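Values in this text are rule-based calculations from the coordinates and carry no lab data. No experiment lies behind these values; they were computed from the predicted model shown. All Cβ positions, even for glycine, are placed from backbone atoms using ideal geometry, and neighbour counts span all protein chains on display.
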Amino acid sequence: MRCATVAEIRELDKAARDSAWLEPGASREDAIMRVAARALADETAELSAHFPVRPEIFAVAGNGDNGGDALLAASLLAADGFRVRVLRLSDLPSWAGMPVCALPKRAIALDGILGIGLRGAPRPDAAAAIDWTNRFRLDWPGGRRLVVAVDIPSGVVADTGEIPGACVRADFTVTMGLPKAGMLVNPALAKCGEICVAVIGYPEDSPFGGAEPETGAFPELFCLRDFSAALPPRANDSNKGDFGHVVVVASSERYCGAGALAALGALRGGAGLVSAFVPRAVVPLVASRAPELMVAGYDASSLRPGILRQMPFNLRGRVLACGPGLSREPGVAEAVVELATVPGLRAAVLDADALRPDVLDEMALRRSRVSAPPPLVITPHPGEAARLLGVSVPDVQADRRGAARALADRFGAVALLKGAGSLVAAPGVPTPPQFVVAAGNPALAKGGSGDLLCGLCAALLARGVPPREAAAGAALLHGRIADRAVLRVGPESFLLSDWLGRGVC
C-alpha cells in the first residue's frame, strides 16, 4: 500500500467528507470521525481479546482530530463494557503526576496527543503527556501495558519521519486511510510498532485514488489488505493438490530442531503437503512434532554432495525450503546448490546455512543460463546480509533499503531483509516498489524464529502467492502472530510454540 504526504491526506480527507453518508443531524466532519473512531475501537478490542483478562483503556487526548478520535473510540469501548479513563491534555496538571506503578498491570493507552500537523518539537505540555505515556508502557512477564497510537505516534513529523523532540513509543499504530510517508522510515518506523491501516472511506475516484505516489523516496507498506489480495482463496471443492507441496531440507545432528520448526511453519502456512528430509538420526524428533508431516532420512550427520540420490521425494513441481540448521560442514554448500538448481523445481526459499556467498554466486551463475529460472527467495538477517555483501552489520543497518536492493540485484532473488521493519526487494525493480513490513517485536529475537519464517514463506509460494508478496506476507504473518501471542505470555516467556499454537491462515 502506497504512503501519502500530509498534503495528500488533507485532500483525501476533504474528498471523503464530501462523499460521506450522513445520519440525520450529523455533520460531515462527525461522519468521518465516527468511522475513524470505530476502526480504532475495533482494533483496540481485537488486541484486548489476546490479554488473559480484559485490560483497562486510557484515552490520552490532545486538542486536535486525533484527540477527538481517541475520545470517541473510548466512548465506544465504554459502551462495549470496557473500563475507560479519559486523560485530556487540557487537564494535564491533574494527571501528569499520576504514578504509573499504581495503574493496572494490564491496560491499553490510546495516544491521541498530537497528529500529522506537527512540524517541530512538541510544546512542553504535549511533551509532558508524551513522557507520561511512555512511562505507562509495561513489558514484563507479570503484566502488559500497550500504547496504541492514533494515526501516527505523537512526536513524529509525518512527511519526513523526523523526531525533533519527545515522541511516543507505540506498540501498535492504527493509521487512518493510508500510511503517512514518514512512518515508513527510521527513526519513526521504530516508534510505530505494528502498523494497522483503518479503512475510513476514501472514495475510489479521489484525487490520489489511482495516482502514482509523490513519495518515491519511501517504500510501500505491506498490510493485510495487500496480503489478502495476493492470497488465492480456498475453493469449496479444492483438494490438497491445489495448495502445493513443500519439501523442507534442514537440520543436522547438531541442530536437530530447525527442520521441525521449518516444516511446522510450512504446515501452518497452509501448504497442501509438507515433506521433510533430514539426517536419519533426526527423523524421530521431526516426525513426532506433527503426524501430517512426511519425513525421510539420509545416512549422514549433515548434507553431502549427491544427496539427491537418497531423496525419496521428487522435487519437480515442488517448493524447496532449505538451510535452517544445516551447519557449515564440508559439502553442505555443494549439496545446497545441487538441490536448489534441480530442473523443474517450482520455487526455492533459502535461509540460514544456505545463505553463503559461494552458494548464491554459483546459483546466480547457473540461473543466468536458464531462460526462465524458478523464483528464488532469500531471507537473511542483518548479520547474514553483511556476510553476503562483504560489509559490516552497521553498514547494513545504516542503509537497510540499499542493502536489500543490493542483495536482490546481486543474486537475482527476492530478498527479505529481516529485522525491525523487514524489507522486501525484487531483482531489477527500482525503488519505490520495495515493501516494508511493520509487524513483529523483540520476542522473536531467539533461535528458531527464522526457521518458522522460512517454512511459512515456502508454503505461500506453494499456494500460488507471487514471490515478492509471499516474502512480505510471510514476514507480516510472522510478526502479527507474535505481536498477539506476547500479549498473553509476555515477551520474555514467549516461545515459538506459542506462535505455532495460534494458527496462521
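In table form, for the structure just shown:
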read-out: Convex hull projection area averaged over all views, the range 6-218, Cα basis, nm²; value: 12.1 nm²
read-out: Neighbour-count ranking [beta-carbon atoms within 10 angstrom, fewest first] of W499, W95, W132; value: W95, W132, W499
read-out: Rough spin-label spacing in nm, given labels placed 7 Å along Cα→Cβ, for V489 and K446; value: 0.6 nm
read-out: Mean shadow area of the chain, taken as a quarter of the surface of its Cα convex hull (nm²); value: 24.8 nm²
read-out: Principal semi-axes in Å for the range 243-500 [√(5λ), Cα gyration tensor, largest first]; value: 25, 23, 17
read-out: Calculated FRET efficiency for the pair D131/H50, C-beta based, R₀ 35 Å, to 0.05; value: 0.80
read-out: Cα-based convex hull volume of the range 455-499 per residue, rounded to whole Å³; value: 63 Å³
read-out: Debye log10 I(q)/I(0) for the range 41-115, one point scatterer per Cα, at q = 0.20 Å⁻¹; value: -0.85
read-out: Charge-dipole axis of the chain as Lys and Arg at +1 and Asp and Glu at -1 on Cβ define it, positive-most pick from A271, L416, A74; value: A271
read-out: Extension reserve of the K240-A78 stretch, reckoned as 0.36 nm per residue once the Cα distance is removed; value: 53.8 nm
read-out: Peptides 47-60, 340-353, 97-110, 276-289 ordered by average Cβ neighbours within 10 Å, highest first; value: 340-353, 276-289, 47-60, 97-110
read-out: Nonlocal Lys pairs with alpha-carbon distance under 25 Å, the chain (8 or more apart, or different chains); value: 7
read-out: Fraction of beta bridges assigned by DSSP in the chain that are antiparallel (%, nearest 5); value: 15 percent
read-out: Inter-site label distance for A372 and S94 at 7 Å from Cα along Cβ, in nm; value: 6.9 nm
read-out: 12 Å beta-carbon shell around P305, net charge (K/R +1, D/E -1); value: -1
read-out: Gain upon complete extension [R280, V393; 0.36 nm per residue less C-alpha separation]; value: 37.1 nm
read-out: For the range 243-500, with +1 on Lys and Arg beta carbons and -1 on Asp and Glu, the positive-most of V295, T379, V246 along the dipole; value: V246
